[in-house]
Amino acid sequence: MSNPKVNIIIVNWNNYHDTIECLESLKSISYPNYHVTVVDNGSVNDSVDKLLSYDPELDLIQVGDNIGFAAANNLAMGIAVERGFDYVLLLNNDTVVSPDFLTRLVRFAQSNPNFGMLSSKIYFYQESNLIWFAGGYINWARGKTSHYKYGQKDSTSTTSIEFREVDYVTGCCLLVATSLIRKIGLLPECYFLYFEETEWNLRATRLGYKSAVVHSSHIWHKEGASQGGKGNFVFQYYFTRNRLLFMARNAPKRYIPIFILYLILDIGRVLTRQVCTRSWSQLAATIFALWDFVSGRTGKSERITIKTLG
């Protein structure tokens, strides 16, 4: 088989330590025809200096402000398409990769052109055999997305399976052909953070392409390293607002009535728990998210400040 040219795109935001570790792991990969592009997404620390000190020849795109996961990746993907790359690989900066991860992804893509979006099997960085992502599925009735096998130890029966067809693959590690990008467009930027790659997968699905996790391709992920984990204001705000936005834009109409019922129950439980535990920051995030969705506010929220993120 040939070795099509792959552009690996990594977005950095105030986290050069993890980005450099990711770049170090990429130096050992077996795939021969790739190029790495790092997008610094408006870092307010010395990330740019540290990255260029690590590699003065690094292909580094600097963005003046944090424009979000989708927009930062889109900036680099647009350039990759113009430059004639065959594939783009989105890769989180808080990951490390196995030497053959990209070879296995590309070989599967070449042999299975009906699969438009592919991911490696992703493990927790801290526990190398504990699964973080083995595919994503959508529960339309609940309006929720979930990971198969999340938090479970890998097993022989799992690793013996070549791939798993899934509803979506995560933007943490996502291989897609530039020919498909030309058909479906770039990542939707209305989300800013969370759910954008899920909708992107659905666009491909509607054109007849499938999504899959290639089980023989492995990487490791430091969950929550960029945004500080699931318990903070940022996660609570964007995940709550964008869950509603995702459903409004994509849900089959037959699921909407039951989703509204589940949503009322879910929001009631969440608000009650936040009040009872005096989680005032998360309570504010939930209320702001609901209000902004109803008000039609999308993209980057002005409610999120550097202080909040820190």
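Structure notes:
- Consider the stretch 127-142 and keep the residues that are more than 18 Å from the chain's Cα centre (by Cα) and in contact (Cβ under 8 Å) with a residue 24 or more places away in the chain. The one that is nearest to residue 247 (Cα to Cα) is 140.
- Residue within the stretch 41-48 that is within 19 Å of the chain's Cα centre (by Cα) and surrounded by 21 or more Cβ atoms within 10 Å (Cβ to Cβ) present: yes
- Within the stretch 116-130, the set of residues being surrounded by fewer than 21 Cβ atoms within 10 Å (Cβ to Cβ) and part of a strand (DSSP E or B) comprises 124, 130.
- When the stretch 15-40 is limited to residues that are assigned to a strand (DSSP E or B) and aliphatic (A, V, I, L, M), the one that is surrounded by the most Cβ atoms within 10 Å (Cβ to Cβ) turns out to be 38.
Here's the yes/no breakdown for (1) of a type outside the set (A, V, I, L, M); (2) more than 26 Å from residue 23 (Cα to Cα); (3) not in a helix (DSSP H, G or I):
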position	(1), (2), (3)
62	yes, no, yes
70	no, no, no
75	no, no, no
78	yes, no, no
82	yes, no, no
89	no, no, yes
108	yes, no, no
141	no, yes, yes
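- Applying a threshold of 6 Å to beta carbon distances and a minimum spacing of six or more residues, or different chains, the list of pairs starting in the stretch 60-73 at a residue that is in the same structural domain as residue 171 (by TED's automatic domain parsing) and ending at one that is charged (D, E, K, R) and modelled with pLDDT of 95 or more reads 62/40; 70/189; 70/196; 71/189.
- Evaluation of residue 190 against (1) over 17 Å from residue 11 (Cβ atoms); (2) out of contact with any Ser or Thr (no Cβ under 7 Å at 6 or more places or on another chain); (3) in a loop (DSSP other than H, G, I, E, B); (4) not acidic (Asp, Glu) (one fails), failing number: (2)
- Residue selected from the stretch 261-303 under the condition touching a residue at least 60 places away in the same chain (Cβ under 8 Å) and of a type in the set (S, T, N, Q), by the criterion farthest from residue 242 (Cα to Cα): 301
The values are calculated or read from the model by the stated rules, or taken from the named source; none is laboratory data. Predicted, not measured: the structure shown is a model, and the values here were computed from it. Cβ atoms come from the backbone with ideal geometry, glycine included; neighbour counts cover every protein chain shown.
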